[in-house]
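No lab work stands behind these numbers, since they all come straight from the coordinates. If you're wondering where the values come from, they're calculated on a predicted model, not measured in any experiment. Every residue, glycine as well, gets a Cβ built from its backbone with ideal geometry; the counts of neighbours run over all protein chains shown.
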Amino acid sequence: MSSTSKNPDDLVTVARFSNPAEADLASSILESAGIEFFLSGDEASHVIPAGVGSRLEVRRADEETALELLNNPPAPAEGAPLADDGNDL
């Protein structure tokens, strides 16, 4: 007999990436929000860039919040550097 209830601790895929940099950015957004995640296939995307890529997974209980953050990322804090390219002016 199968159960139709969904366990809030089950992992669900919220994004797929073929570009490791995009996967890293999405991971950092979730990490900053305190959402635990699992990035699967990450090692394969570095070896075979045109391969399957990576899947970003979160607990089902965090799915809605994670999707909202990924679809509408928070703006950087005012005065915060957008990137550190190592070139100080």
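For the pair Leu67 and Thr13, the difference between a 0.36 nm per residue extended length and the Cα-Cα distance amounts to 18.4 nm. Electrostatic bookkeeping for Glu63 treats Lys and Arg as +1 and Asp and Glu as -1; over the other residues with beta carbon under 11 Å from its beta carbon, the sum is -2.
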